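The values are calculated or read from the model by the stated rules, or taken from the named source; none is laboratory data. Note that the structure is a prediction, hence the values are computed from the model and not measured. Cβ coordinates were reconstructed from backbone atoms using ideal geometry, including for glycine residues, and neighbour counts include every protein chain displayed.
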Amino acid sequence: MIRVASPSRLHLTLIDLNAELGRVDGGAGITLESPGLEISATEADTIEVIGNSLLAGRMQKAAQALLPAGKGIKLQIKDSLPDHVGLGSGTQAALSTAVAIDRIYGLGKSVRELAVAVGRGGTSGIGVAAFENGGFILDGGHKFKDKGAFSPSSASRVPPGPVLFRRDFPDWPIVLVIPNGQGAHDTEEVDLFKKFCPIPLAEVQEVCHVILMQMLPALVEEDLESFGKAINHLQTVGFKRREVELQSKPVLDIKNYMHDNGASGSGVSSFGPVVYGIVGNVAEGKKLQQETQRMLDESLGGRVLLTKARNRGADIYGGPD
């Protein structure tokens, strides 16, 4: 039996949805210690997914794409992630399934090869790199001539972009707000890329400036105040600004509350509705956790976790029976 425990991630921003220089996408993200996805897998004659999770369909599709002819897999979901909320659950479900099949049937493929086989990482490479090595990740996107359009990962078939920078993230507490409900996905997500892109070049340049000259130096120097300022700035520009503007009032109220009450930086992950705040210590984190949970209870419902970055990739245990 194979057991795979894979992490969720925050997607901080896409970088270039203008393509003036011939590249598109690119992104920055942080791998999270919790919540996570855990599955077990054994050889079988057919494809069977056990566990009440919206991710079961993603796992079945990944298995169909990768299994050798005439082979099957039995997958059991031990711990699930919410789907379409901004935590990267689709990539983790597909890759966890793919790695289990690779181990059981001795396919000998790398994580990136498996990502291509199951169709993940075609816009953002953050989830694939989080599965591989964790930490803070900056990816370099794709050649626009290869991709051919502005589109989300679900509608793209190019390989994950190259990892330009990967570093362990400091031990800063992260308040993670997971409202009930889902963000944009499937055809709605495709339509939003068509509506908003290309992003004006000046905004893309501003995003690049913030990442290169504020966010990355702050990370290397472990300067939480400057890192938080970079997070806050990114909410106001580029494709991230459009993602933020799509959120409901309760989600925006929580993001703004964290900004005003102790979080050095607060933002929306991917298309949301997940909101995060990065704080300086656990006491501040617990206080924000309690207050934002109260705000959720009075509005959308959901849960708030106090977590931190995970500086390693997925844990894979066991081998073929």
Name the residue, out of 107, 75, that is over 13 Å from residue 130 (Cβ atoms), modelled with pLDDT of 95 or more and in a loop (DSSP other than H, G, I, E, B).
107
Of everything in the range 261-306, what is closer than 27 Å to residue 219 by Cβ and polar (S, T, N, Q)? Give them in sequence order.
261, 264, 266, 269, 270, 281, 289, 292
Scanning the range 247-288 for residues that are more than 18 Å from the chain's Cα centre (by Cα) and not in a helix (DSSP H, G or I), which turns out surrounded by the fewest Cβ atoms within 10 Å (Cβ to Cβ)?
281
Taking residue 182 as meeting all but one of (1) in a loop (DSSP other than H, G, I, E, B); (2) buried (at least 20 other Cβ atoms within 10 Å of the Cβ), write down the number of the exception.
(2)
Filter result for residue 192 (in contact with an Asp or Glu (Cβ under 9 Å, 6 or more places away or on another chain), on the phi < 0 side of the Ramachandran plot and surrounded by fewer than 16 Cβ atoms within 10 Å (Cβ to Cβ)):
no
Here is a list of conditions, (1) in a strand (DSSP E or B); (2) crowded, with 19+ Cβ neighbours inside 10 Å; (3) in contact with a Lys or Arg (Cβ under 9 Å, 6 or more places away or on another chain); (4) not small (Gly, Ala, Ser), and residue 42 meets all of them except one; can you say which number that is?
(2)
Looking at the range 117-132 only, could you name the residues that are in a helix (DSSP H, G or I) and crowded, with 24+ Cβ neighbours inside 10 Å?
126, 127, 128, 129, 130, 131
Give 204, 210, 190 a once-over and let me know the one that is farther than 25 Å from residue 32 by Cβ, modelled with pLDDT of 95 or more, in a helix (DSSP H, G or I) and among the β-branched types (Val, Ile, Thr).
204
Subset of the range 259-275 [in contact with a helix residue (DSSP H, G or I) (Cβ under 7 Å, 6 or more places away or on another chain), of a type outside the set (Gly, Ala, Ser) and closer than 19 Å to residue 295 by Cα]
259, 261, 268, 273, 275
So which of 32, 14, 54, 114 ends up being assigned to a helix (DSSP H, G or I) and either within 18 Å of the chain's Cα centre (by Cα) or of a type outside the set (A, V, I, L, M) (or both)?
114
Number of the condition not met by residue 173 [criteria: (1) over 17 Å from residue 270 (Cα atoms); (2) in contact (Cβ under 8 Å) with a residue 40 or more places away in the chain; (3) out of contact with any strand residue (DSSP E or B) (no Cβ under 9 Å at 6 or more places or on another chain)]:
(3)
